[in-house]
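Scroll down for the structure; my scribbles are underneath it.
The values are calculated or read from the model by the stated rules, or taken from the named source; none is laboratory data. Values in this document were obtained by computation on a predicted structure and should not be read as measured data. Using ideal geometry, Cβ is built from the backbone for each residue, glycine included, and neighbour counts are taken over all protein chains shown. For accessibility, only protein heavy atoms count, side chains too; no ligands or nucleic acids. Shrake-Rupley method; radii C 1.70, N 1.55, O 1.52, S 1.80 Å.
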Amino acid sequence: SPADYENIIESVPVFNWMPLAPVKGGQNVTYALKIVEILPRQSPVDAMLSNPAYFEQSNLINPLIRYPLASRELENKRYAWKIKAFVNGVFACESEVREFKFEPIINETSKVPIKSQGTSKISTSFRQKRNTVNSDFVFLDFSLCAGGAGSKGLGSFKDVSLKEAGKIIISGSSKMYTQKSNRIGTNQDLPPNLARWEFNPTLTYYGIPLSLNLLLTTEQKKNTQNINNVSIGFEFEALLERIKKSAVNELLSETESKDSLKLASRYGDAVKMKNEIEKIKSLNDPDEVIDKIEKYGGKVTGLSKFFLAFRKIGIGTNYPDFSNFTLSAVPVTGLNFEINPGLFYFAVAGLNNQKAIQKSENEQPVYERKVIAAKLGFGKKDYSHFYFTYLYAWDRDGSVIRDSSTFVNPMKNHILGLESKLSLFESKFEIGGQIAVSLLTRDITAPDIQNSSIPSFLQKMFDIKMSSSADYSFTVNTALNLDETNTKLSGTITQVGPGYVSLGAPNLKNDNLSFAIKLSQGLAQNRITISSFYKKTSDNLINWKKSTTKNTSFGINLSLQFPKFPFLRLNYSPNYQSSENDNDSLSIDNKISLFTISTGYGYNISNISSYTMISFSKQESRSKSELNRYSVNNFVLSNTLSFQFPLTLSASFGFAQSKLFQEYNKITYLDFSASYGLFDIWQNALGINQAYERNKNNKLGLYLNSELTIPVIGMLNVRLEKNIYKDKVQGYNNYDEFIFRATITSSW
């Protein structure tokens, strides 16, 4: 916890995990937690290998940690995190890399839908958002409003009609960020002074968008993988979105013509035809989009049809996603190409995967690695299909200097995979799966295999060594989607053999058999949503360990969202870990349960718009060992007042309680801010926050945030922070820091 892709709002969040097991008596188990920021276009795995630690702490005795007050506060960004386990100081294993997003509650609740005619920037943007939905308030994930203005990504492309497709359009964005501080953050590896530049221009020629993506930063280090990257590519999603929007707008504007009325008569009435035209916006298959547009009298240029067959054309650093078993979440610098015209499908990606590092963070070298992957078959990627996949990854032996202290060896990896999917009843029911076989050579310098039953031509073809081994993995999944009843049901069975390894998918956990089922049901026009899941995993697939560890988890979530009433969300999820062993001291019986409840409501007090939100979460752990028993409670109360004139006041109060062994701890924190807008172009916010940990420490923070729209240049954001930390236990940890941050964002 937090779960993968979870949004967290607590200022001092808790990170916890199942303890390492089984462990013999007398063995000393410690953990290390590492958190890194995920920069634009990065995957969590790439961020963990490339970026400096935003937070890192080792020698943790218990399988949980509350984010310390002494460390720099998490920002409103995406982060990746993982856990390493050590036995008697020696590395034992590590978790998968997971992702979470931190969304400070005071920043979210300050964006209140305003019914008044105030002129503040926040009020205007959220009034526009509210008007895009039918109800007064629609909140998703702790009061985030659905849809509407201010969305990024595809909206940056101009809404050009099909008749204007011949025009040349240059659009894009640029973001320059700098930070200066008088010290390095506690438990942090980020440099005190840094600068980043994101540059993303797009050239649309005859309706075809071609983009450049550039990221440059001063955070790059010699002993990590590359952060700086550049790519040039074709924007398939942007082209498809432009065609859908343009066609729908054009077709709807012509529904009153005589020809359109004749066409409508064949479908029953004009209203029905308009509804069918609107549905084009929700389609994802380009062939289906083209058929629908032409069915209702629209046209798509031949050039656009040609380019819609190309799903990806990327040169530079890209993140191809073939499958979880083969190539996923790793950067590939070279070519990323995918085409799906009609029923033919072909994709290829390569070449450079990681650079050589003579001495990495674990004091060991990293070999230069290259990857080539290809996928060939027939059928639509999102619908019924049948694909073959091949991946070859290899380390270059001479890329680093080896000596007596080097214990990592150059490897190579061959993978053959088969993937299929059957989509029936207009995609209401789907069944599919994949199987892959991996041949891994753990040391390409090892002797050749001798006196083997393996045919000699296979030995030569794959250069099989004494260090080579093979294993397989498979998954079968089904899904039932009934839009009429708002019902979604899915089930998955996955097995990854203990010897299955893909150098193109390092986040894959092997020696694992899992079964999962999910159900989601919407009621009352989706104002009530009930969802649940059940998952069970086990290891020791070939009985090579002394015991088998089983993990079982299930959960239920209830969401209520009615207009003019507070929203309500409830979630309960217990997780169990167990194993049986002849030696009772090695048996496991662990349980971690998570419970959360949140509610919020927007209302008016005279001419003041107010929004109040309450959130409570509770985590409990029990085990045979007293070391792993704990309980954690988090409570957050926030309120925002928005006036008719451009003033917004926000306050948030929270406390976090934890009990580990007989030790009880409590943190109380308060955040207050005032935001005022001037001339519709200048927004200023002044805030103060304080956190107090009983009998241990306290932290006081002051900040000033100013955002100014500058003609021609764009948006300038400047933030000044002053943090004063006092440690009552160990006085030498005290600090007084000043942080300056500036961002210039422009778009055209």
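Before moving on, here are some points about what is shown:
- Qualifying residue in the stretch 673-686 (condition: part of a strand (DSSP E or B) and under 19 Å from Arg66 (Cβ atoms)): no
- Ser328 being in contact with a Pro (Cβ under 9 Å, 6 or more places away or on another chain), at pLDDT 90 or above and either open to solvent by 50 Å² or more (accessible area, probe 1.4 Å) or outside any helix (DSSP H, G or I) (or both): yes
- Residue match in the stretch 524-544 (condition: touching a strand residue (DSSP E or B) at 6+ places or on another chain (Cβ under 8 Å), hydrophobic (A, V, I, L, M, F, W, C) and buried (at least 17 other Cβ atoms within 10 Å of the Cβ)): yes
- The stretch 24-83, subset within 13 Å of the chain's Cα centre (by Cα) and of a type in the set (Lys, Arg), residue least open to solvent (accessible area, probe 1.4 Å): Lys77
Matching residues to (1) among the aliphatic types (A, V, I, L, M); (2) open to solvent by less than 60 Å² (accessible area, probe 1.4 Å); (3) touching a residue at least 12 places away in the same chain (Cβ under 8 Å); (4) outside any loop (DSSP other than H, G, I, E, B):
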site	(1), (2), (3), (4)
Ala374	yes, yes, yes, yes
Lys381	no, no, yes, no
Phe386	no, no, yes, yes
Thr389	no, yes, yes, yes
Asn409	no, yes, yes, no
His414	no, yes, yes, yes
Ser420	no, yes, yes, yes
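- Condition check for Asn353 on (1) surrounded by fewer than 22 Cβ atoms within 10 Å (Cβ to Cβ); (2) closer than 23 Å to Val496 by Cβ; (3) touching a residue at least 40 places away in the same chain (Cβ under 8 Å): one failure, at (1).
- Set Gly172, Gly207: member being modelled with pLDDT of 85 or more and at positive phi: Gly172
- Flag for Ala356 being among the small types (Gly, Ala, Ser) and in contact with a helix residue (DSSP H, G or I) (Cβ under 8 Å, 6 or more places away or on another chain): yes
- The set of residues in the stretch 441-499 being buried (at least 16 other Cβ atoms within 10 Å of the Cβ), over 19 Å from Leu416 (Cβ atoms) and hydroxyl-bearing (Ser, Thr, Tyr) consists of Ser467, Thr478, Ser490, Thr492.
- Scan of the stretch 620-641 for residues that are of a type outside the set (Ser, Thr, Tyr) and more than 20 Å from Pro104 (Cβ to Cβ), ordered by number: Glu620, Arg622, Lys624, Glu626, Leu627, Asn628, Arg629
- Failed condition for Leu439, given (1) over 29 Å from the mean Cα position of the chain (by Cα); (2) free of Cβ contacts under 8 Å to residues at least 24 places away in the same chain; (3) assigned to a strand (DSSP E or B): (2)
- Qualifying positions in the stretch 56-79 - in contact with a helix residue (DSSP H, G or I) (Cβ under 9 Å, 6 or more places away or on another chain) and not in a strand (DSSP E or B): Ile61, Asn62, Pro63, Ala70, Asn76
- Qualifying residue in the stretch 730-747 (condition: at pLDDT below 95, in contact with a Leu (Cβ under 6 Å, 6 or more places away or on another chain) and closer than 23 Å to Gly172 by Cα): no
- Among residues of the stretch 682-702, those that are modelled with pLDDT under 90 and not charged (D, E, K, R), counted: 1
- In the stretch 694-719, the residue that is nearest to Ser11 (Cα to Cα) out of those that are part of a strand (DSSP E or B) and open to solvent by 60 Å² or more (accessible area, probe 1.4 Å) is Leu702.
- Residue in the stretch 633-651 that is in contact with a strand residue (DSSP E or B) (Cβ under 6 Å, 6 or more places away or on another chain), β-branched (Val, Ile, Thr), over 30 Å from Gly497 (Cα atoms) and open to solvent by 40 Å² or more (accessible area, probe 1.4 Å) present: no
- Residue list for the stretch 193-222, filter: under 25 Å from the mean Cα position of the chain (by Cα), touching a residue at least 12 places away in the same chain (Cβ under 8 Å), under 18 Å from Ile357 (Cα atoms) and open to solvent by 30 Å² or more (accessible area, probe 1.4 Å): Lys221
- If you filter the stretch 454-495 down to residues that are at pLDDT 90 or above, polar (S, T, N, Q) and not in a strand (DSSP E or B), you find that the one that is nearest to Ser514 (Cα to Cα) is Asn486.
- Residue-level check: of (1) open to solvent by less than 20 Å² (accessible area, probe 1.4 Å); (2) hydrophobic (A, V, I, L, M, F, W, C); (3) under 26 Å from the mean Cα position of the chain (by Cα), Ile588 misses just (3).
- Flag for Ser427 being part of a strand (DSSP E or B) and under 20 Å from Tyr345 (Cβ atoms): no
- Residue check for Val400: among the hydrophobic types (A, V, I, L, M, F, W, C) and under 27 Å from the mean Cα position of the chain (by Cα): no
- Of everything in the stretch 656-672 that is open to solvent by less than 50 Å² (accessible area, probe 1.4 Å) and within 14 Å of Leu64 (Cβ to Cβ), the residue that is modelled with the lowest pLDDT is Leu660.
- On the stretch given as the stretch 589-607, residues that are aliphatic (A, V, I, L, M) and in contact (Cβ under 8 Å) with a residue 60 or more places away in the chain total 2.
- Ser58 satisfies every condition listed in (1) within 30 Å of Ile688 (Cβ to Cβ); (2) without any contact (Cβ under 8 Å) to a residue 40 or more places away in the chain except (1).
Here's the yes/no breakdown for (1) hydrophobic (A, V, I, L, M, F, W, C); (2) touching a residue at least 60 places away in the same chain (Cβ under 8 Å); (3) touching a His at 6+ places or on another chain (Cβ under 7 Å):
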| residue | (1), (2), (3) |
| --- | --- |
| Ser623 | no, yes, no |
| Ser658 | no, yes, no |
| Phe661 | yes, no, no |
| Tyr732 | no, no, no |
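- Residues in the stretch 311-325 that are in a strand (DSSP E or B) and at negative phi: Arg311, Lys312, Ile313, Gly314, Ile315, Thr317, Asn318.
- Taking the listed residues Glu426, Glu430, the one that is buried (at least 18 other Cβ atoms within 10 Å of the Cβ) and within 36 Å of the chain's Cα centre (by Cα) is Glu430, with no other qualifying.
- Verdict on Leu20 being within 18 Å of Arg629 (Cβ to Cβ), open to solvent by 10 Å² or more (accessible area, probe 1.4 Å) and not small (Gly, Ala, Ser): yes
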